[in-house]
Amino acid sequence: MDDTPRPIVLARALRLTAGRTTVFAGLDVDLPVSGYGAVVGPSGAGKSTLLLSLTGRMRGVTGTLLVSGLDAVRHPGPVRQVTSVARVADLIGPEPTLTVAECITERSLLDAGAPRQRHAAFASAAELMGLDVDPDALYGDLPPVDQTRAAVALACVRPADLVVLDDLDHDATLDEQAALWRGIAALAASGTSVIAATTERAAVPAGATIIDLS
């Protein structure tokens, strides 16, 4: 009997080009269910683009990419339904001028979910991430590390097999990054796999699957 964990993400020879520029190529990824990974590389290495690619939100990807058993290259639509983006660069993320409660409502409307269930899902993910925040606080007024925690929790208001997060290390000390990774590990252990991008390899824990774009 094969006891090898089933992958939530399986990529082989993944490649993306934009015009004459190769964003990434020859990329292999194996992330087990209830696992968590780190996309590591300097600014401009293609980390944000890779996160969007892994969730079926980037055109032009070639190679093999299975997410939750779904073909993200040929049929990205179903993959978008089982994945969630917490934050990616300046493209996707909570609105700074909204309160945390309003962010939950906005995310619930975007995901066509029942507000009561979504608030419970947010609270559960927030607890795992170590977030304790006043719902009436403006998202933009939260400390950067709590903005990151809240962004991840907001991405969980709709059940997702995989959540992706960009810039985990944004304005975060090494100790704060370590705390964020502990929260991500706890979230993954609860059944929601997570892939986060960072430039700070030193803070990535041993349990993470490394996706190296350096």
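The values are calculated or read from the model by the stated rules, or taken from the named source; none is laboratory data. The shown structure was predicted, so the numbers you read here are calculated from the model rather than taken from an experiment. Here the Cβ is made from the backbone with ideal geometry for all residues, glycine too, and neighbour counts use every protein chain on show.
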Looking at the structure I just gave you, is P7 out of contact with any strand residue (DSSP E or B) (no Cβ under 8 Å at 6 or more places or on another chain) and on the phi < 0 side of the Ramachandran plot? no
Condition broken by R116, with the remaining ones in (1) assigned to a helix (DSSP H, G or I); (2) within 22 Å of A186 (Cβ to Cβ); (3) out of contact with any Ser or Thr (no Cβ under 7 Å at 6 or more places or on another chain) satisfied: (2)
Considering only residues that are over 14 Å from the mean Cα position of the chain (by Cα) and among the hydroxyl-bearing types (S, T, Y), look in the stretch 162-214 and name the one that is modelled with the lowest pLDDT. S214
Give just the number: which of (1) surrounded by fewer than 20 Cβ atoms within 10 Å (Cβ to Cβ); (2) without any contact (Cβ under 8 Å) to a residue 24 or more places away in the chain does T99 not satisfy? (2)
Given the criteria without any contact (Cβ under 8 Å) to a residue 24 or more places away in the chain and either surrounded by 20 or more Cβ atoms within 10 Å (Cβ to Cβ) or among the charged types (D, E, K, R) (or both), does D146 qualify? yes
Of all residues being surrounded by 13 or more Cβ atoms within 10 Å (Cβ to Cβ) and at pLDDT 95 or above in the stretch 1-15, which is farthest from G63 (Cα to Cα)? Just the residue, please. I8
